[in-house]
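Heads up, the thing below is written out as structure tokens.
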Amino acid sequence: MSVRDFIELTGARTSAPGGGSASALIAGLGAALGAMVGWMTYGKRKFEDKDAAMRRLIPPLDEAMRKLIPMIDADTNAFNDYMDAIGMPKDTDEQKKARSAAMQAGLKKAVDVPLGTMRIVDSCWESMEEMAAEGNLNSKSDLEVGAKALETGCWGAYKNVMINLGSITDEDFTLRIT
């Protein structure tokens, strides 16, 4: 969907997409801005001496951006799986057991997806830091916005991990995450 549609749907009377999807989108924009600064440096006569650094720095940021894009929908899908589980019948003991298992599986997915977002963001920092030292200074504010977007996306993903982790009953799972 378009960015406009995503924003409007996020602001509608629906619980998904929500904070986790928004976090992945924001983080994706952060990585994209980092890559953009690289592209605004690479191949420019004025910055010829930076070409080798840009050839090294652009790919990890571009890769992170591309990995974060599907995380937007993955987070929404994880939440929807959990909501579908909540709607399962609970009239019999067997139904209650199946519903509970489905809810737990949905919660685990709702932890794994934003945790993945956090890991992707974490992979960006070294390149972003070096981009700040090597990149086109005329694009400094773009890189700063990108860094803040990565930070915000990671923070939002962390908040989603923590809120869902609190409802998971599998102690081994929660210990692995924390």
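Consider only pairs whose beta carbons are under 6 Å apart and that are at least six residues apart or on different chains; among these, list those whose first residue lies in region 45-61 and is touching a residue at least 24 places away in the same chain (Cβ under 8 Å) and whose second residue is open to solvent by 30 Å² or more (accessible area, probe 1.4 Å).
Pairs that qualify, where the first residue is touching a residue at least 24 places away in the same chain (Cβ under 8 Å) and the partner is open to solvent by 30 Å² or more (accessible area, probe 1.4 Å), are LYS50/GLU134; ALA53/GLU134; MET54/TYR42; LEU57/GLU130.
Say we look at region 132-152 and pick out the residues that are more than 17 Å from PHE47 (Cα to Cα) and among the small types (Gly, Ala, Ser); which of these is most open to solvent (accessible area, probe 1.4 Å)?
Among residues in region 132-152 that are more than 17 Å from PHE47 (Cα to Cα) and among the small types (Gly, Ala, Ser), the one most open to solvent (accessible area, probe 1.4 Å) is SER141.
What's the total number of residues in region 164-173 that are out of contact with any Phe, Trp or Tyr (no Cβ under 9 Å at 6 or more places or on another chain) and surrounded by 15 or more Cβ atoms within 10 Å (Cβ to Cβ)?
2
Return yes or no: is MET65 under 23 Å from the mean Cα position of the chain (by Cα) and outside any helix (DSSP H, G or I)?
no
For LYS97, state whether it is basic (Lys, Arg) and either crowded, with 17+ Cβ neighbours inside 10 Å or closer than 19 Å to ASP81 by Cβ (or both).
Spelling it out, LYS97 is indeed basic (Lys, Arg) and either crowded, with 17+ Cβ neighbours inside 10 Å or closer than 19 Å to ASP81 by Cβ (or both).
The values are calculated or read from the model by the stated rules, or taken from the named source; none is laboratory data. Small disclaimer: the values here were computed from a predicted structure and weren't measured. For neighbour counting, all protein chains shown are included, and Cβ atoms are generated from backbone atoms with ideal geometry for every residue, glycine included. The accessibility values were calculated without ligands, DNA or RNA, using every heavy atom of the protein model including side chains. Shrake-Rupley method; radii C 1.70, N 1.55, O 1.52, S 1.80 Å.
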